[in-house]
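Working notes, structure below.
Laboratory data are not the source of any read-out in this text; all were calculated from the coordinates shown. Please read all numbers here as calculations on a predicted model, not as lab measurements. Because the Cβ atoms are built from the backbone with ideal geometry, glycine has one as well, and the counts that use them run over all protein chains shown.
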């Protein structure tokens, strides 16, 4: 049984392993885990080896690359391992230039998620004959290793602790037992990092959404381009309202209250002139954290009629036409909606666009920009 003090340390290490804030910089993540675990593992030499996200296919093997993070060592150590990598086998394991290394990774991949002690696999003669051992590991004093290993779609994500030949903890030692206790957290962290990576890939699509949208989690608040441009004079009020709504839905979800399953919405009036915005929030799934999307829309398509007259000298009828243009009505639909002739509708549309000085697609933005520019908060 592990001492109570060691269990307390392992709880702290679990928090480091699952730390979202460090996922952006894997070297910092490895450094924090290695620092916390050094007294338990009896080494400060911790490094990470895992597949990156740049696959290609050549012949029968899936060829990609690995990434190595060794914050306590140096870039030459990292490059030495990366340069020795050849590709990924069809079976999924990593292939290196020397058969001994490849065999070790093949066995590690086949073992599934595991706390690996190299004793059953260690072959001193083969190890000593490796160019990688002589040129990379001997230089930093590493001969033996313990590791946390989780197979990925291609390759193995390894958090490795290095030792010289005389200092390696025994098979079944407290250090080895500590790794076994940390394995579930490490496996979960890798899954969360993949999910977070998938979210990052969605950011460009999120930013391109035509609907003004905010992503809200306990730690994050991200807005897309449409929301940033929606209401500059009341921007801060609007963003605060999005955060409040998004996080209230998160709280409801955590407490398992009924509204959390169906989303929620409300109308907020912002600014001295009281322009109304409808905010609608819903929970999203499949990300490494509980989060909501909050969508924002004005409850009216164009500014008030008096503002249109003041800024652009639009008549009441032209104001009606501007409203319908912004709602994406065609000239024919505008004529039917206002019960006027098609030719007359076209004339109204042409006059509105000429007075505002924009093409049809730019009308909405131009009307609201003029309204806000006039100091209508």
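Comparing 300, 243, 347 in a Gaussian network model of the chain (Cα springs below 10 Å), the most mobile by mean-square fluctuation is 347.
Do the sum for the chain: with -39,500 (n - 2.57) for every DSSP H run of n ≥ 4, divided by all residues, what is the mean residue ellipticity at 222 nm, to the nearest 500 deg cm²/dmol?
Values: 14 runs with 175 residues, N = 377.
The per-residue figure over the chain is -14500 deg cm²/dmol.
With neighbour counts taken as other beta-carbon atoms within 10 Å, the residues 355, 332 rank, fewest first, as 332, 355. Counting neighbouring Cβ atoms within 10 Å and putting the fewest first, the residues 194, 144 line up as 194, 144. With Cα atoms defining each centre, the range 300-358 and the range 128-179 are spaced 72 Å apart in the structure. The order of 182, 283, 202, going from fewest to most other C-beta atoms within 10 Å of their C-beta, is 202, 283, 182.
With springs only between Cα atoms under 10 Å apart, run a GNM on the chain and tell me which of 50, 357, 92 wobbles the most. Greatest mean-square fluctuation among the candidates belongs to 357. Taking 247, 310, 282 as the candidate residues, the one with maximal mean-square fluctuation in a Gaussian network model of the chain, Cα springs under 10 Å, is 310. The Cα trace of the chain gives Rg and Dmax of 30.2, 95 Å, the first to one decimal, the second as a whole number. For the range 135-180, the relative contact order comes to 34 percent (Cα pairs under 8 Å, sequence separation of at least 6).
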